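Asker: A single structure is presented below for examination.
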Amino acid sequence: MNVISVDGLSKSYGKGTTQVNALQDVSFQVNQGEFVAVVGASGSGKSTLLHLLGGLDKPSGGYVHIDGENLYAFKEKERAVFRRRKIGFIFQSYNLIPVLNVEENIQLPLLLDHRQPDKAYINDLIRTLGLHERRKHLPSELSGGQQQRVAIGRALAYRPAIILADEPTGNLDSANGREVIELLKLSVRQYHQTVIIITHDMNIAAEADRVLHLQDGRLQSDTRSLGRGV
Ligand SMILES: Nc1ncnc2c1ncn2[C@@H]1O[C@H](COP(=O)(O)OP(=O)(O)OP(=O)(O)O)[C@@H](O)[C@H]1O
Ligand SMILES: [Mg+2]
């Protein structure tokens, strides 16, 4: 089943002579459970694409359907709620709330929605992330890798259908980066989630089911891995 459908997606910034066509007529579909890498040179439009997939920006043209819903037909507020429930974001900067501890940061999306967290699942998640001993610590008391794992925990708190990650291993050393990727793969397998990850790391791209290559805002190639992938 297509969980994401992108049709003729375009995004330009600015006007007149300073206009930048960051994305131009990009179309593709993603099936549930796929682990997709997005690669391309700096400025090729990767982050722009990810933001549009997640409803964080507005396209200049084209459509994004998530689970059959036209993402940009929602009113702003409805889109925010839809996003919180369906999509987990992991950014390169962790965007943790400094005054909340590990456990609170992870549960934040649920608390914002006035939902009772599923204690057993959250506990499990914190253990899997290797953060059990640090659950009452503030972000400032954690290493970079630990902070990134908290950000992943927050993205997974809702068990979202889709995880969008913008260079989640960019600030990590190779061991911590590896751990992050293993966690994402585990999460895909366990909960049949869909992951789209931007990466400059060809080793990570090689492990994906599929690699989307952007060049100057266009989808240059869409390659499926011959192996089993995840
Ligand atoms: N808010 C903005 N206003 C104007 N131009 C923008 C804006 N955001 C991005 N751009 C331009 O759009 C193009 C695509 O940017 P984008 O951030 O999507 O690239 P990227 O592939 O993620 O690059 P990187 O690998 O460096 O993160 C670039 O030329 C960038 O300068
Ligand atoms: Mg980027």
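The values are calculated or read from the model by the stated rules, or taken from the named source; none is laboratory data. None of these values were measured; they are calculated from a predicted model. Please note: Cβ atoms are built from the backbone with ideal geometry, for glycine as well, and neighbour counts cover all protein chains shown. Heads up: the accessible areas ignore ligands, DNA and RNA and are worked out on the full protein's heavy atoms, side chains in. Shrake-Rupley method; radii C 1.70, N 1.55, O 1.52, S 1.80 Å.
Asker: Using a ≥ b ≥ c from the Cα gyration tensor of the range 1-84 (square roots of the eigenvalues), is it rounded, prolate or oblate, where a/c under 1.5 gives rounded and otherwise the larger of a/b and b/c decides, a/b for prolate?
Answerer: Oblate is the answer for the range 1-84, as a/c is 1.5 or above yet b/c matches or exceeds a/b.
Asker: Please enumerate, by chain and number, the aspartates and glutamates with C-alpha under 15 Å from the C-alpha of Lys136, excluding those fewer than 8 residues away in the same chain.
Answerer: Glu103, Glu104
Asker: Here's something else I'd like to know. Quick one: which residues, 5+ away or cross-chain, put their amide H under 5 Å from the amide H of Ser60? H built at 1.01 Å from N.
Answerer: Close amide H contacts, sequence-distant or interchain: Ser10, Lys11, Ser12.
Asker: Which order do you get for Arg134, Arg189, Arg79 if you rank them by accessible area with a 1.4 Å probe, largest at the top?
Answerer: Result, largest first: Arg189, Arg134, Arg79.
Asker: May I pose another question? Near Val26, within a Cβ-to-Cβ distance under 13 Å, what is the net charge of the other residues, with Lys and Arg +1 and Asp and Glu -1?
Answerer: -1
Asker: Take every DSSP beta bridge with both residues inside the chain and express the antiparallel ones as a percent of the total, to the nearest 5.
Answerer: 55
Asker: Right, another one. Using only DSSP helix segments of four residues or longer, with each worth -39500 (n - 2.57), what per-residue ellipticity at 222 nm results for the chain after dividing by its residue count and rounding to 500?
Answerer: -10000 deg cm²/dmol
Asker: Rounded to whole Å, give me the distance from the Cα center of the range 175-190 to that of the range 1-70.
Answerer: 24
Asker: Checking the table Lys46/Lys86; Lys77/Lys119; Lys86/Lys185; Lys11/Lys77; Lys11/Lys75 against a 26 Å threshold on Cα-Cα, which pairs fail?
Answerer: Table pairs above 26 Å Cα-Cα are Lys77/Lys119.
Asker: Over all pairs of distinct alpha carbons, what does the Kirkwood formula give as the hydrodynamic radius of the chain, in Å?
Answerer: Here the Kirkwood hydrodynamic radius works out to 18.1 Å.
Asker: For the chain, set up a GNM with springs between Cα atoms under 10 Å and report which of Gln146, Gln215, Gln19 has the largest fluctuation.
Answerer: Of Gln146, Gln215, Gln19, the Gaussian network model singles out Gln19 as fluctuating most.
Asker: Please work out the ratio of the alpha-carbon Rg of the range 112-225 to 2.2 N^0.38 Å and round it to two decimals.
Answerer: 1.16
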